[in-house]
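Accompanying notes for the structure given below.
The values are calculated or read from the model by the stated rules, or taken from the named source; none is laboratory data. Because the structure is predicted, anything quoted here is derived from the model rather than measured. Using ideal geometry, Cβ is built from the backbone for each residue, glycine included, and neighbour counts are taken over all protein chains shown. Only protein heavy atoms, including side chains, enter the accessible area calculation; ligands, DNA and RNA are left aside. Shrake-Rupley method; radii C 1.70, N 1.55, O 1.52, S 1.80 Å.
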There are 2 protein chains.
Amino acid sequence: MNDVIKTILNHRSIRSFQSKALTNEQIQTIVASAQAASTSSFVQAYTIIGVSDEEKKEALAVLSGNQAYVAKNGHFFVFCLDLHRLRLAAMYEGMTEDEIYDAFVSTELYTVAVIDTALAAQNAALAAEAMGLGICYIGGVRNNLEEVSRLLQTPDYVVPLFGLCVGYIKHVSGKKPRLPQEAVYHQEVYLAEDKHIAQLAAYNKTISAYYKQRTDGKRTDRWTQQIAKKLKNPQRLYLKSYLQSKKLPLM
Amino acid sequence: MNDVIKTILNHRSIRSFQSKALTNEQIQTIVASAQAASTSSFVQAYTIIGVSDEEKKEALAVLSGNQAYVAKNGHFFVFCLDLHRLRLAAMYEGMTEDEIYDAFVSTELYTVAVIDTALAAQNAALAAEAMGLGICYIGGVRNNLEEVSRLLQTPDYVVPLFGLCVGYIKHVSGKKPRLPQEAVYHQEVYLAEDKHIAQLAAYNKTISAYYKQRTDGKRTDRWTQQIAKKLKNPQRLYLKSYLQSKKLPLM
């Protein structure tokens, strides 16, 4: 198997890093890798903010739900959806406020920018892993977007979407078994519902066994149980109004 | 430089493929790579539909805006945001329709699922490139989502987000220069506005020179000009109402 696929398949999220900062060269390679990703209609609708200031990292760690590894890592990247740059480009070409408004109240444009940002981030993550570093995505930056935006001084039309911790690995985590391939990959058409349910039941057994083995029998959660728990406590329901406050109402 | 980073930096979109189908083993490796990506709270909120049926590929090529390479490639993958599986998991755990509705009318959950789908897709793209294959993302599947959904028989709560053509390369395309790194990567805080504008002006020159050289002087578009043109013709404004019709109103 070639090194690229080996790196991809060997991924696990790392939550324990050595206190050793990344070099500028490492950061540059990670960002260059992010930028090499495909981008819809060449819009490149993202900005990456690199945080190394200790105090700011501590603040972000608290804001992201008290996740210590947001502060303790080699470098913290915040991946932001960025339509501000597109707005400047449009103004540069003489577009009016009204024309720009019409283009920006778009669920499509939001979706494009989220996809662009995520494609870039995954390249960054893999580049870091290819250098022997560990990574962990931090959706928790969306817990308190007002404060995070203030801290990073992001203007209107910019949304911090998630963080990426990168650093030298201190403790290697386990690799959680994913859904069976036949659950996620369907041929020609979407799978019939009865097959889904049988797959979920089988996958529940896999996941329960995984937790049981990892925790000496203390945890035996089913996957469906985790999902139900998550859905019973919907998070970040303010996101839509935050987007609106950043002049990105989704229409 | 290691092979992973070399593969990442060498990416270009391929739009001309040989008529040679991928093997099942190649497809399995690509999907396994997709599944190895990080997933928010382990939701794995995507499904990949592989299309090899010639007639269906031709139909998708037309629906995606008459892009011939959607039909002519080694395999066509459609990456779908999938909350249907989460719904089944929730029902499996006895959640009520109302509880599920409350969880699903969420811009946050939509955003999570878009990110999950894109992270998986970028792994798939890189795995394919690592095997010497070419790839091209197809946002055009969002041009006609009603028809695409019908063709792929996707149920409510599932949204085909984009396609990915994979295949043996016939014609290698050029690599368009990205925004300068200092435009996309900001340190500690978001960059001040005046710096952005200077960067755009400089980048315009780079892009104009690139097109000029590639087209023997016929094209000299500025980047800002391309962006303004795109924004003046907002696309796929029906996306929000499509999501609503799929029982995913964004609240």
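For region A:149-162, does any single residue satisfy the condition of being part of a helix (DSSP H, G or I) and touching a Pro at 6+ places or on another chain (Cβ under 8 Å)? Lay out the reasoning, then the answer.
Residues of region A:149-162 part of a helix (DSSP H, G or I): A:149-152.
Narrowing further to those that are touching a Pro at 6+ places or on another chain (Cβ under 8 Å): A:149, A:152.
Checking region A:149-162: at least one residue is part of a helix (DSSP H, G or I) and touching a Pro at 6+ places or on another chain (Cβ under 8 Å).
What single numbered condition from (1) facing chain A (nearest Cβ under 8 Å); (2) more than 13 Å from the chain's Cα centre (by Cα) fails to hold for residue B:121?
(2)
Looking only at residues that are farther than 22 Å from residue B:237 by Cβ and open to solvent by less than 10 Å² (accessible area, probe 1.4 Å) in region B:142-166, which one is nearest to the other protein chains (Cβ to nearest Cβ)?
B:152
Could you please find all residues in region B:167-184 being more than 8 Å from chain A (Cβ to nearest Cβ) and surrounded by 16 or more Cβ atoms within 10 Å (Cβ to Cβ)?
Taking region B:167-184 and keeping what is more than 8 Å from chain A (Cβ to nearest Cβ), we get B:167-175, B:177, B:180, B:182.
Answer for region B:167-184, where residues must be more than 8 Å from chain A (Cβ to nearest Cβ) and surrounded by 16 or more Cβ atoms within 10 Å (Cβ to Cβ): B:167, B:168, B:169, B:170.
Going through B:99, B:188 one at a time, which residue ends up being among the acidic types (Asp, Glu), closer than 24 Å to residue A:31 by Cα, without any contact (Cβ under 8 Å) to a residue 60 or more places away in the chain and within 7 Å of another protein chain (Cβ to nearest Cβ)? Let's see the steps before the verdict.
On the way: B:99 fails: closer than 24 Å to residue A:31 by Cα.
Going through B:99, B:188 in turn, just one is among the acidic types (Asp, Glu), closer than 24 Å to residue A:31 by Cα, without any contact (Cβ under 8 Å) to a residue 60 or more places away in the chain and within 7 Å of another protein chain (Cβ to nearest Cβ): B:188.
Restricting region B:11-38 to residues that are touching a helix residue (DSSP H, G or I) at 6+ places or on another chain (Cβ under 9 Å) and more than 8 Å from chain A (Cβ to nearest Cβ), which is nearest to residue A:10 (Cα to Cα)?
In the first step, residues of region B:11-38 are kept if they are touching a helix residue (DSSP H, G or I) at 6+ places or on another chain (Cβ under 9 Å); the result is B:11, B:14-17, B:22, B:26, B:28-38.
From what's left, more than 8 Å from chain A (Cβ to nearest Cβ): B:14-17, B:22, B:26, B:30.
On the way: B:14: 27, B:15: 30, B:16: 31, B:17: 30, B:22: 24, B:26: 18, B:30: 14 Å.
This residue is B:30.
If you go through region B:54-82, how many residues are over 24 Å from residue A:183 (Cβ atoms) and touching a Cys at 6+ places or on another chain (Cβ under 7 Å)?
Keep residues of region B:54-82 that are over 24 Å from residue A:183 (Cβ atoms), which gives B:54-55, B:58-59, B:61-73.
Applying the additional criterion that residues be touching a Cys at 6+ places or on another chain (Cβ under 7 Å) yields B:69-70, B:73.
Residues meeting the conditions: 3.
Return yes or no: is residue B:144 touching a residue at least 60 places away in the same chain (Cβ under 8 Å), in a helix (DSSP H, G or I) and not charged (D, E, K, R)?
Yes, satisfied.
Looking only at region A:213-229, which residues are part of a helix (DSSP H, G or I), open to solvent by 30 Å² or more (accessible area, probe 1.4 Å) and within 23 Å of residue A:181 (Cβ to Cβ)?
Of region A:213-229, the ones part of a helix (DSSP H, G or I) are A:213-214, A:223-229.
This time we only want the ones that are open to solvent by 30 Å² or more (accessible area, probe 1.4 Å), so: A:213-214, A:225-226, A:229.
Listed by number, the residues that qualify are A:213, A:214, A:225, A:226.
Residue-wise test of (1) touching a Phe, Trp or Tyr at 6+ places or on another chain (Cβ under 8 Å); (2) modelled with pLDDT of 95 or more; (3) among the β-branched types (Val, Ile, Thr).
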| position | (1), (2), (3) |
| --- | --- |
| A:159 | yes, yes, yes |
| A:184 | yes, yes, yes |
| A:189 | no, yes, yes |
| A:193 | no, no, no |
| A:207 | yes, yes, yes |
| A:213 | no, no, no |
| A:225 | no, yes, no |
| A:237 | no, no, no |
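Out of the residues in region B:5-31 meeting the condition of being without any contact (Cβ under 8 Å) to a residue 40 or more places away in the chain and under 20 Å from the mean Cα position of the chain (by Cα), tell me which one is farthest from residue B:174 (Cα to Cα). Break it down into steps so the answer makes sense when it comes.
So in region B:5-31, the residues without any contact (Cβ under 8 Å) to a residue 40 or more places away in the chain come out as B:5-6, B:9, B:23-25, B:28.
This time we only want the ones that are under 20 Å from the mean Cα position of the chain (by Cα), so: B:9, B:28.
Numbers: B:9: 13, B:28: 29 Å.
The selected residue is B:28.
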